[in-house]
Amino acid sequence: AFLELSSWMGTSLRSGVWTYYEAADQEAIHKTIEYLHQFAPSEELNKMYVLGNHDYQDAAYQTDFNYPQAWLEEAELIDQWIFENEKEIILFLQNILRMHIGCL
């Protein structure tokens, strides 16, 4: 979850969160969603992560990348939320590390 959430936030701040979902492994996304259901510090963080999870890797989009406008609008909403809540996300990432310090 740490790597996925860190990548999610970083990609959002650099190039837009839709590029994270476009390239991310679906299994990793689903595992992160499960983790967030259990440990997210707020329901809103969980909601925002789940909101962008669309099938960007569908073969229908691989030639022209003409994603539905609704997906791109949701991505803009997520990007804005990440920007406004960057400190909360960083604190959560730090807590993940603290909880697993013995595993490193």
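The values are calculated or read from the model by the stated rules, or taken from the named source; none is laboratory data. It should be emphasised that the depicted structure is a prediction, and the values quoted were computed from it without experimental measurement. In this analysis, Cβ positions are derived from the backbone assuming ideal geometry, glycine residues included, and neighbour counts consider all displayed protein chains.
Numbers at a glance
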{"read-out": "Residue satisfying all of: in the stretch 26-67; charged (D, E, K, R) and modelled with pLDDT under 95; surrounded by the fewest Cβ atoms within 10 Å (Cβ to Cβ) among these", "value": "ASP64"}
{"read-out": "Residue that is nearest to GLU22 (Cα to Cα), among those in the stretch 77-99 that are of a type outside the set (A, V, I, L, M) and in contact (Cβ under 8 Å) with a residue 12 or more places away in the chain", "value": "ASP79"}
{"read-out": "Given (1) of a type outside the set (Lys, Arg); (2) in a helix (DSSP H, G or I); (3) on the phi > 0 side of the Ramachandran plot, index of the condition LEU93 fails", "value": "(3)"}
{"read-out": "From ALA75, ALA24, ALA60, residue being small (Gly, Ala, Ser) and within 19 Å of PHE2 (Cα to Cα)", "value": "ALA24"}
{"read-out": "Wholly enclosed helices (runs of 4 or more DSSP H) of the stretch 5-74 bearing at least 1 residues in contact (Cβ under 8 Å) with a residue 40 or more places away in the chain, aliphatic (A, V, I, L, M) and within 14 Å of PHE92 (Cα to Cα)", "value": "43-51"}
